[in-house]
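Coordinate-derived values only; no laboratory data. For clarity, every value in this text was computed on a predicted model and none was experimentally measured. Counting neighbours? That spans all protein chains shown, and the Cβs are built from the backbone with ideal geometry, glycine included.
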Amino acid sequence: MTTPLSSQHAATVTQPSVLFVCVHNAGRSQMAAGYLRALSQGNIEVRSAGSAPAEQLNPVAVAAMAEEGIDITAATPQILTPETVQVSDVVITMGCGDVCPI
């Protein structure tokens, strides 16, 4: 028995991924990631990272997202690595400027 073409296609299609990058990975990139997670309803793998990550999320960013009904409290600032960039289909930098190594 052969597999229908649509099933074969579904097995080979991977979920697209987006990486948001800002310096501290505590505000802008976390907010952008939160919006994309909410809007994509799990259809996009969302990552965020920073070139010099902060210790914790910016409380103003957390509060602003809560006003939008989006909870980002579980997120933590992550270091930007070449590997994270390589496994992402799209990389969006948000004000990193010269400190962004990628």
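At a glance:
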| read-out | value |
| --- | --- |
| Net charge of neighbours whose Cβ lies under 14 Å from the Cβ of VAL87, counting Lys and Arg as +1 and Asp and Glu as -1 | -2 |
| Local net charge near GLU45, Cβ-Cβ under 12 Å (Lys/Arg +1, Asp/Glu -1) | +1 |
| Residue-by-residue Karplus 3J(HN,Hα) for the range 53-62, coefficients 6.51, -1.76, 1.60, Hz, glycine and proline x | x, 6, 6, 8, 5, 5, x, 5, 5, 4 |
| Distribution of pairwise C-alpha distances over the range 15-97, 5 Å bins, in % | 3, 17, 28, 26, 18, 7, 1 |
| Protection proxy ranking, peptides 47-53, 57-63, average beta carbon neighbours within 10 Å, highest first | 47-53, 57-63 |
